[in-house]
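Peer 1: The structure follows.
The values are calculated or read from the model by the stated rules, or taken from the named source; none is laboratory data. Predicted model only: the values in this text are computed from it and were never measured. Here the Cβ positions follow ideal geometry from the backbone for every residue, glycine too, while neighbour counts run over all protein chains shown.
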Amino acid sequence: MNNPNYHAIHITKDKCLGCVHCMSACPTRAIRVGEGKARIIDQLCIDCAECLRVCPYEAVHSHTTSFASLEAFEYKVAIPSTVIYGQFGPTVLPNEILSALRRVGFDEVYDLSSICELNCAATEEYLNEHPSPRPYITSTCPVVVRIIQRRYPSLCGQILPIEPPREIGAKILRTILPKALGIPAEKIGIIHITPCPAKMVSINSPATLARSYLDGAISIRDIFPQILKALRKSEEDALMRHLFPETLFSGIGMGWSLAGGETRGLKSHRAVAVSGIGDTMRVLDEVEGGLLQDIDVLECTVCPDGCVGGPLGVENRFLAKSRILELVAAAGEHAVVDQKDVSRLYHRNFLSFDHPVAPAEPRPLDSDPDKAIRKAQRRETIFAGLPLKDCGICGAPDCRTLADDIVRGFARLEDCPFIKKEAR
Amino acid sequence: MSAAEAVFRQDFPVKGGDFGKAGTVACRIKELLKDLGLDTWTVRRAAIVAYEAEMNVIMYAWEARVDLAVSAGAVHLVFDDRGPGIPDIELAMTEGYTTATAEMRELGFGAGMGLPNIKRNADDFRIESEVGRGTRLDITIRTNGHRTS
């Protein structure tokens with residue numbers, strides 16, 4: 001299953017008109033347009049979903065899990081991202097959302113805010129024990145892991161080797177539920193609910209685990225109508241259920257999905273939070289250049305404002321963020337996790353990666369050093385002769401990329417409409 | 001080095017005081033070295049060296065020309081700037097020594113790690129400076145034949 005080039009983002013050819021929106025938006029220049037259709041280059045794509053956000057024709061889709069496909073499991077467990085708490089109006093409390101998910105058809109639903117708190121405490125412990133290198137980079141965002149593998153390979157060793165809350169949560173449940181329920185582990189389905197297509201990448205092609213502890217990820221967008229229906233049906237009961245809360249939420253974990261939320265609970269370490277794909281790449285370039293060594297931990301999430309800005313959410317991210325901030329304020333600094341428990345799990349390596357993140361296969365211009373140098377020289381000569389309009393008509397996002405494609409043998413100089421004209 | 005050996009050369013301008021573009025040349029150089037198939041750690045060392053040297057120009061000099069030359073065995077970088085020059089090179093090479101203004105340090109620059117850090121990451125490092133005219137850094141990073149592919 002572990003195919004390093006598995007992708008959660010795909011282009012539906014029938015819907016693609018071959019315009020250049022996705023190609024211009026792609027931060028790793030992984031898209032080309034040819035024969036009227038956009039095409040993604042597997043080795044360059046990091047599953048950030050910028051293309052999905054900008055496509056006007058809904059031709060970019062993500063492979064998330066469908067609710068119907070869960071029928072195969074005897075017992076279905078949902079562990080929704082804390083982003084879900086910001087998707088409904090200000091009167092809908094987190095407990096109601098979890099209970100609505102049970103009515104949608106999950107046998108059990110667990111809150112992840114406590115696991116987020118646990119992750120933060122484990123991170124603190126790891127940083128205490130490992131004074132170098134600096135900065136460590138958090139691994140919650142699967143796109144950040146992938147972009148480091150592909151574009152910043154020297155930073156693989158700086159990824160903080162504690163699994164993200166969704167995997168820790170699933171691992172705990174996978175350990176305790178079969179015994180508690182008397183159901184074989186393989187018949188229990190543990191599903192993440194998320195605004196993020198890239199979670200399918202970390203599930204189907206995990207960079208740090210032999211196998212993911214999750215069985216799938218349902219997009220918030222897909223399951224939202226069913227939750228809404230369940231919430232409406234029980235509006236009156238909800239009023240009374242407020243008085244008997246079933247779950248205790250962690251004040252430290254509740255804001256996890258907002259940029260800075262992962263590291264907000266750190267007590268004795270200097271953290272910097274970066275969000276958005278462009279800024280993340282800019283800061284990773286700086287780290288690779290030896291900067292930011294006075295920072296202990298760098299939290300990077302490629303969606304704007306953090307996971308709350310994920311492309312598969314429903315509520316606009318500003319309202320969702322405001323709602324989550326209210327919940328954070330209401331929960332206060334309330335801690336639900338005992339530091340001693342965290343320490344015990346941490347020292348049993350229960351929270352750690354199975355293996356470090358490995359760099360992706362590099363893409364030099366040529367495997368022969370001298371040939372690579374000659375191709376780079378040729379690329380400069382070609383580039384100097386291009387019109388520098390970055391129009392995209394050739395099918396590459398800009399003139400520099402066209403020159404690169406030409407020396408790699410994927411394009412021809414005649415693909416440039418301006419060169420063609422001159423030749424005539 | 002045989003006479004027929006291929007060498008890739010490119011030069012880049014850097015403007016003093018242009019903090020908005022800080023790191024652009026270092027990033028271009030890094031991408032180029034990756035395309036040329038140099039191994040991850042040679043690229044990382046070159047990126048650190050280029051970043052530090054570029055920052056020095058932006059912080060202290062008026063302008064500079066960066067000459068990059070890459071052969072199969074080595075990355076060679078020359079930073080030739082027009083600027084105030086360094087009166088006491090030995091002092092400037094001391095870890096932690098800085099002439100950065102409080103303003104620069106507030107921005108996170110000028111921790112006095114620049115020149116010693118460049119030396120640490122280079123296999124060969126030469127510096128010449130003339131007060132009132134400028135500074136020239138001559139840096140070689142050998143690839144030791146380690147290549148990624």
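Peer 1: Do we have A:VAL328 as within 14 Å of another protein chain (Cβ to nearest Cβ) and buried (at least 17 other Cβ atoms within 10 Å of the Cβ) here? Let's see the steps before the verdict.
Peer 2: On the way: within 14 Å of another protein chain (Cβ to nearest Cβ): no; buried (at least 17 other Cβ atoms within 10 Å of the Cβ): yes.
Criteria not met by A:VAL328.
Peer 1: Next question. How many residues are surrounded by fewer than 24 Cβ atoms within 10 Å (Cβ to Cβ), touching an Asp or Glu at 6+ places or on another chain (Cβ under 8 Å) and under 11 Å from A:GLU288 (Cβ atoms) if we restrict to the stretch B:25-47?
Peer 2: 2
Peer 1: Here's a follow-up. Test A:VAL336 against the criterion of being surrounded by 14 or more Cβ atoms within 10 Å (Cβ to Cβ), modelled with pLDDT under 95 and more than 12 Å from chain B (Cβ to nearest Cβ), and give yes or no.
Peer 2: On the way: surrounded by 14 or more Cβ atoms within 10 Å (Cβ to Cβ): yes; modelled with pLDDT under 95: yes; more than 12 Å from chain B (Cβ to nearest Cβ): yes.
When the stated conditions are applied, A:VAL336 passes them.
Peer 1: Kindly evaluate A:SER322 against the criterion of being in a loop (DSSP other than H, G, I, E, B), among the small types (Gly, Ala, Ser) and over 30 Å from B:ASN117 (Cβ atoms). Write out each step before concluding.
Peer 2: Numbers: in a loop (DSSP other than H, G, I, E, B): no; among the small types (Gly, Ala, Ser): yes; over 30 Å from B:ASN117 (Cβ atoms): yes.
Criteria not met by A:SER322.
Peer 1: Go through (1) assigned to a loop (DSSP other than H, G, I, E, B); (2) surrounded by fewer than 16 Cβ atoms within 10 Å (Cβ to Cβ) one by one and return the number of the condition A:GLY392 breaks.
Peer 2: (2)
Peer 1: Restricting attention to the stretch A:21-42, which residues are surrounded by fewer than 16 Cβ atoms within 10 Å (Cβ to Cβ) and touching a residue at least 60 places away in the same chain (Cβ under 8 Å)?
Peer 2: Listed by number, the list holds a single entry, A:GLY34.
Peer 1: A follow-up question, please. Of these, A:SER114, A:SER24, A:SER81, which one is at pLDDT 95 or above, touching a Ser or Thr at 6+ places or on another chain (Cβ under 7 Å) and more than 18 Å from A:PRO197 (Cβ to Cβ)? Please lay out each step first, then the result.
Peer 2: Working: A:SER24 fails: touching a Ser or Thr at 6+ places or on another chain (Cβ under 7 Å); A:SER81 fails: more than 18 Å from A:PRO197 (Cβ to Cβ).
Being at pLDDT 95 or above, touching a Ser or Thr at 6+ places or on another chain (Cβ under 7 Å) and more than 18 Å from A:PRO197 (Cβ to Cβ) holds for just one of A:SER114, A:SER24, A:SER81, which is A:SER114.
Peer 1: Please go through the stretch A:326-351 and pick out each residue that is among the β-branched types (Val, Ile, Thr) and part of a loop (DSSP other than H, G, I, E, B).
Peer 2: A:VAL336, A:VAL337
Peer 1: Another one. Let me confirm something: among B:ALA74, B:ALA92, B:ALA69, which residue is under 13 Å from the mean Cα position of the chain (by Cα) and surrounded by fewer than 21 Cβ atoms within 10 Å (Cβ to Cβ)? Walk me through how you get there before you give the answer.
Peer 2: On the way: B:ALA74 fails: under 13 Å from the mean Cα position of the chain (by Cα); B:ALA92 fails: under 13 Å from the mean Cα position of the chain (by Cα).
Only one candidate passes the filter, namely B:ALA69.
Residues checked against (1) free of Cβ contacts under 8 Å to residues at least 12 places away in the same chain; (2) within 20 Å of A:ILE137 (Cα to Cα):
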site	(1), (2)
A:GLY251	no, no
A:MET254	no, no
A:GLY276	no, yes
A:LEU291	yes, yes
A:ASP296	no, yes
A:VAL308	no, yes
A:VAL328	no, no
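Peer 1: Confirm whether A:THR401 is surrounded by fewer than 13 Cβ atoms within 10 Å (Cβ to Cβ), of a type in the set (S, T, N, Q), under 30 Å from B:GLU5 (Cβ atoms) and within 14 Å of chain B (Cβ to nearest Cβ).
Peer 2: Working: surrounded by fewer than 13 Cβ atoms within 10 Å (Cβ to Cβ): no; of a type in the set (S, T, N, Q): yes; under 30 Å from B:GLU5 (Cβ atoms): yes; within 14 Å of chain B (Cβ to nearest Cβ): yes.
Judged against the criteria, A:THR401 is not a match.
Peer 1: For B:ILE48, work out the one condition from (1) in a helix (DSSP H, G or I); (2) free of Cβ contacts under 8 Å to residues at least 60 places away in the same chain; (3) facing another protein chain (nearest Cβ under 9 Å) it doesn't fulfil.
Peer 2: (2)
Peer 1: Okay, next question. If I filter the stretch B:15-28 down to residues being within 10 Å of chain A (Cβ to nearest Cβ) and outside any loop (DSSP other than H, G, I, E, B), which single residue comes out as farthest from B:ASP123 (Cα to Cα)? Step through it out loud before you land on a result.
Peer 2: As a first pass, look at the stretch B:15-28 and keep what is within 10 Å of chain A (Cβ to nearest Cβ): B:22-24, B:26-27.
Narrowing the set further to residues that are outside any loop (DSSP other than H, G, I, E, B) leaves B:24, B:26-27.
Details: B:THR24: 24, B:ALA26: 18, B:CYS27: 21 Å.
That would be B:THR24.
Peer 1: Okay, moving on. When the residues of the stretch A:339-368 are filtered to those that are under 17 Å from A:ASP404 (Cβ atoms) and of a type outside the set (Asp, Glu), which remaining residue is farthest from the other protein chains (Cβ to nearest Cβ)?
Peer 2: Of everything passing the filter in the stretch A:339-368, A:ARG363 is farthest from the other protein chains (Cβ to nearest Cβ).
Peer 1: Continuing with the same structure: When you scan the stretch A:62-104, how many residues do you find that are in a helix (DSSP H, G or I) and touching a residue at least 40 places away in the same chain (Cβ under 8 Å)?
Peer 2: So the first thing to find is which residues in the stretch A:62-104 are in a helix (DSSP H, G or I), and the list is A:67-72, A:82-86, A:94-104.
Retained after the next criterion (residues that are touching a residue at least 40 places away in the same chain (Cβ under 8 Å)): A:67, A:69-70, A:72, A:82-86, A:94-101, A:103-104.
Counting residues in the stretch A:62-104 that are in a helix (DSSP H, G or I) and touching a residue at least 40 places away in the same chain (Cβ under 8 Å) gives 19.
Peer 1: A further question on this structure: Being assigned to a loop (DSSP other than H, G, I, E, B) and within 8 Å of chain B (Cβ to nearest Cβ) is the filter here, so list the residues in the stretch A:369-389 that pass it. Write out each step before concluding.
Peer 2: Restricting attention to the stretch A:369-389, the residues satisfying the condition of being assigned to a loop (DSSP other than H, G, I, E, B) are A:385-389.
Once the filter is applied, which keeps residues that are assigned to a loop (DSSP other than H, G, I, E, B) and within 8 Å of chain B (Cβ to nearest Cβ), the stretch A:369-389 yields nothing.
Peer 1: Then there is this: Are any of the residues in the stretch A:295-305 more than 20 Å from the chain's Cα centre (by Cα) and more than 22 Å from A:ILE223 (Cα to Cα)?
Peer 2: Within the stretch A:295-305, one or more residues are more than 20 Å from the chain's Cα centre (by Cα) and more than 22 Å from A:ILE223 (Cα to Cα).
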